[in-house]
Structures are given as structure tokens and as C-alpha cells.
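Asks: The structure that follows is given in the form of C-alpha cells.
The values are calculated or read from the model by the stated rules, or taken from the named source; none is laboratory data. As the structure is a prediction and not an experimental result, all values here were calculated from the model. Heads up, the Cβs are rebuilt from the backbone with ideal geometry, glycines too, and the neighbour counts pull from every protein chain shown. Note: areas computed on protein heavy atoms with side chains; ligands, DNA, RNA excluded. Shrake-Rupley method; radii C 1.70, N 1.55, O 1.52, S 1.80 Å.
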Amino acid sequence: MIAPSRASREPPTLADGRVVESHGQQLLVEDGAGRRVPCRLHGRRLAVVCGDEVRWGHAAADEGVGIVFELKPRRATLARLATSGGSEPIVANLSQLVAVVSPVPAPDWFIVDRYLASAAWCSIDALIACNKSEVATAHAIATELAVYAAIGYPIVHTSTRAAPGIEALAARLKGAISVLVGQSGTGKSSLLNALAPEAQAVTQEISAASEQGRHTTTTAVLHRLATGGDLIDSPGVRDYAPPLPAVRDVASGFIEIARAAGGCRFQDCLHSAEPGCAVRAAVADHAIHPRRFESFRRLVALARELAERRPARRPPRPSGRIR
Ligand SMILES: Nc1nc2c(ncn2[C@@H]2O[C@H](COP(=O)(O)OP(=O)(O)O)[C@@H](O)[C@H]2O)c(=O)[nH]1
Ligand SMILES: [Mg+2]
Ligand SMILES: [Zn+2]
């Protein structure tokens, strides 16, 4: 901790700002004029993530580094499940999630499903960007993508080597605060660079031996796009587990399952062994894709496990948590 100087004890005038990059104590805050100011946090209890809206100020007029004093209430927050079973925010105040997949590395569709479910639970829009669409093997994932298109998710085919897809993606990002998520190596940082060349995000070659992307992006960073909208590049993942809602609410993360559930005999049907379950009937008819149903079942099992682990008397923790 830096000891506050005499001057910094004077209460500064506070202004609204937005965290565009956060490395623990060191932050970049965008002010009302779009300038990015290096800041630090006031006190140890304050924790912020990219996208957070804050109140900040300069401790003294001549000091270059600002201080963030206050975190404003969060709207839709993308979070991950912490090992403790709690929720760990990744990015705050989103309006849209872009799940980026590519033919190489091969998609793990369970990860895609978990991101899409997360988006649904925080009531934000979601779409799939299929990047590297110019490579010869791109057709290999067309069948899976068609499943998502049929559910209603917009699919944008992009290539950072060709313009038309990038323009289509830019059109989708206009007016939204979006985050790029997905496995390492799918081209999230390359897409950001294609959309906002001044971002100069570090990208990396896929290691040929494993065909797994390596983690190049270490923290979420927000960029304003000249074409409109804000875009957050996030670190790639090998896996992703979202914080889970109550068991009965898991289905709301799966558009087609929630839709079919209206036909179940019991209103509180969990689509496991209940008679007259329209969801399982739809899976049997292939109207719901079996893998999507398996994704759903895995999350129900995890939600149940977490509910059993959670001490019953503890009140729910506020803010930043996906309900
Ligand atoms: N063929 C092809 N390669 C791409 C495309 N976009 C990104 N890449 C490559 O994919 C690798 C991973 O890109 P990167 O942006 O670091 O992925 P990230 O981990 O998702 O951020 C790099 O070698 C990029 O050059 C694309 O549209 N086509
Ligand atoms: Mg990256
Ligand atoms: Zn049912």
C-alpha cells in the first residue's frame, strides 16, 4: 500500500468513470471525455472489474494517478464459479455476449452452452461468432452451428483475413457493450484488432503440438469501436463454469428447453423423470439437440451439488452475482 501523501488527504472532487482495464490495484479508468487515466483503488475492501462504473478523483491537482473511491451498482455481470462455490465477476455492465468459436482449436460446445446460459441468466443478448471462416475445415462445425441457429442465436461468420464478416460483426456490436468470450486461440484478440486497430491486443500462434490456444490475453480490456459500441476482449479459457441459479431456474439458460417446458404436465417439472415431460419428448424427437440437453443436465447436477454444499442459513451475497 502506498502511504497517502499530505496532499491526498484533502477530499478530492469525484467524477463518474468507467474501469476499462483492471490489474488488481492498478486500473485504467475512462473519464467523461473518453480519456484513460491510470488509477488505484482507495482501500483494500474495494474490488473492481472491467466495465465497472465508479466514482473517482485526483488526490491532488498535480498528481497523475487517480483514485477510485466508490463502485456503483452493477448491472449484468459475467462471472465465473469460484472454487469456493461463490461467484467471481469477470466483466460488469454488459449488454451482449459474443461466444467466439473456430474450426481450430475445435470447439468444446459444452463451454459454448455454459456461456450462452450465463448470458441468458443475466438477461443479456448472445450471439456466436464463427471465426477463421476462410480455412478449409470451417465446414466441419457447420452442423453444430445450425443447431444454435435453429434455437435462435444469431451466427456471424468472420475471418480476420477478410472484410465482409468483420463488417457484419461490427454491425451487431453497434450500440452494445459486448464481451468476446471463448476458448484460447479462437481469435478473440485478432477480432478486436480487426475492429479497433488502435487496440493492438497481443495475439498468439496456436501451439502446433496440442492445437490448443495458449493464453495470451491476461485481463479483460474494454475498447470503444469507431463503428459504434464498446467491445471487451477477455482472456481465453480452457474451461468455464458459471455461477448457477437455483435448480428450478437452470432451464431459463436454455432457450429451447425453457420454450418446450411450457408443454410439461407439471409446472415445476425438472425434466428428469417426471411423467408427461415435453422437454424429454422433444429430445427423443430430436427437436431438442441431445447435447444441449446433456449440457442442461450437467448444470442441473452442478446446481444441486452447490445447493447442498451451501450453508442454508447464510444470506445471499448482493451485487455482481448472477441470480
Ligand atoms: N486462419 C485464421 N487465423 C486466425 C484468424 N483470426 C485469428 N487467427 C489466428 O489464431 C491465433 C489465435 O488468435 P488470438 O487472437 O490470439 O486468439 P484468442 O486467444 O482467442 O485471443 C493467431 O495465430 C491468429 O493469427 C482468422 O480469421 N483466420
Ligand atoms: Mg486473446
Ligand atoms: Zn419437463
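Asks: Read through the list (1) in contact (Cβ under 8 Å) with a residue 24 or more places away in the chain; (2) open to solvent by 10 Å² or more (accessible area, probe 1.4 Å); (3) assigned to a helix (DSSP H, G or I); (4) not charged (D, E, K, R), then give the number of the only condition that Val250 fails.
Replies: Only one criterion in (1) in contact (Cβ under 8 Å) with a residue 24 or more places away in the chain; (2) open to solvent by 10 Å² or more (accessible area, probe 1.4 Å); (3) assigned to a helix (DSSP H, G or I); (4) not charged (D, E, K, R) is unmet by Val250, namely (2).
Asks: Something else about it: When the stretch 251-294 is examined, which residues are found to be touching an Asp or Glu at 6+ places or on another chain (Cβ under 6 Å) and over 22 Å from Ile111 (Cα atoms)? Show your work before the answer.
Replies: The first filter runs over the stretch 251-294 and keeps only residues touching an Asp or Glu at 6+ places or on another chain (Cβ under 6 Å), leaving 266, 288.
Phe266 - this is the single residue of the stretch 251-294 that is touching an Asp or Glu at 6+ places or on another chain (Cβ under 6 Å) and over 22 Å from Ile111 (Cα atoms).
Asks: Here's a check for you: in the stretch 253-277, which residue that is of a type outside the set (A, V, I, L, M, F, W, C) and part of a loop (DSSP other than H, G, I, E, B) is nearest to ligand 1 (Cβ to nearest atom)?
Replies: First, pick out the residues of the stretch 253-277 that are of a type outside the set (A, V, I, L, M, F, W, C): 253, 256, 259, 262-263, 265, 267-268, 271-272, 274-276.
Filter again for part of a loop (DSSP other than H, G, I, E, B), leaving 265, 267-268, 271-272, 274-276.
Values: Arg265: 44, Gln267: 42, Asp268: 40, His271: 34, Ser272: 36, Glu274: 41, Pro275: 45, Gly276: 44 Å.
Filtering the stretch 253-277 for residues that are of a type outside the set (A, V, I, L, M, F, W, C) and part of a loop (DSSP other than H, G, I, E, B), the one nearest to ligand 1 (Cβ to nearest atom) comes out as His271.
Asks: Would you pick out the residues in the stretch 92-104 that are closer than 18 Å to Ala138 by Cα and open to solvent by less than 10 Å² (accessible area, probe 1.4 Å)? Please lay out each step first, then the result.
Replies: First, pick out the residues of the stretch 92-104 that are closer than 18 Å to Ala138 by Cα: 99-104.
Hits for the stretch 92-104 are Ala99, Val100, Val101, Ser102.
Asks: Of the residues that sit in the stretch 1-46 and are assigned to a loop (DSSP other than H, G, I, E, B) and of a type in the set (Val, Ile, Thr), which one is modelled with the lowest pLDDT? Let's see the steps before the verdict.
Replies: Taking the stretch 1-46 and keeping what is assigned to a loop (DSSP other than H, G, I, E, B), we get 1-6, 10-14, 24-25, 31-35, 42-46.
Adding the requirement that they be of a type in the set (Val, Ile, Thr) leaves 2, 13.
Values: Ile2: 49, Thr13: 88.
Among them, the one singled out is Ile2.
Asks: In the stretch 157-184, which residue that is assigned to a strand (DSSP E or B) and away from ligand 2 (no atom under 16 Å from the Cβ) is least open to solvent (accessible area, probe 1.4 Å)? Spell out how you get there, then give the answer.
Replies: Just the residues of the stretch 157-184 that are assigned to a strand (DSSP E or B), to begin with: 157, 159, 162, 177-181, 183.
Right, trim to away from ligand 2 (no atom under 16 Å from the Cβ) and you get 157, 159, 162, 177.
On the way: His157: 102, Ser159: 5, Ala162: 45, Ile177: 39 Å².
Result: Ser159.
Asks: When the residues of the stretch 253-282 are filtered to those that are among the acidic types (Asp, Glu) and open to solvent by less than 50 Å² (accessible area, probe 1.4 Å), which remaining residue is farthest from ligand 2 (Cβ to nearest atom)? First the steps, then the outcome.
Replies: Of all residues in the stretch 253-282, those among the acidic types (Asp, Glu) come to 256, 268, 274.
Then keep just the ones that are open to solvent by less than 50 Å² (accessible area, probe 1.4 Å); that gives 256, 274.
Values: Glu256: 30, Glu274: 43 Å.
Checking each candidate, the answer is Glu274.
Asks: Let me ask something else. Output the residues belonging to the stretch 268-292 that are touching a helix residue (DSSP H, G or I) at 6+ places or on another chain (Cβ under 9 Å) and not hydrophobic (A, V, I, L, M, F, W, C).
Replies: Asp268, His271, Ser272, Glu274, Gly276, Arg280, His289, Pro290, Arg291, Arg292
Asks: Something else: What are the residues in the stretch 224-239 that are buried (at least 19 other Cβ atoms within 10 Å of the Cβ) and either free of Cβ contacts under 8 Å to residues at least 40 places away in the same chain or more than 13 Å from ligand 2 (Cβ to nearest atom) (or both), if any?
Replies: Gly229, Asp230
Asks: I need the full set of residues from the stretch 195-234 which are near ligand 1 (Cβ under 8 Å from one of its atoms) and at pLDDT 80 or above, in order please.
Replies: Taking the stretch 195-234 as the starting set, the residues that turn out to be near ligand 1 (Cβ under 8 Å from one of its atoms) are 201-206, 213-217, 233.
The answer is Asp233, and nothing else.
Asks: Somewhere in the stretch 118-131, is a residue part of a loop (DSSP other than H, G, I, E, B), among the polar types (S, T, N, Q) and crowded, with 24+ Cβ neighbours inside 10 Å?
Replies: For the stretch 118-131, residues part of a loop (DSSP other than H, G, I, E, B), among the polar types (S, T, N, Q) and crowded, with 24+ Cβ neighbours inside 10 Å: present.
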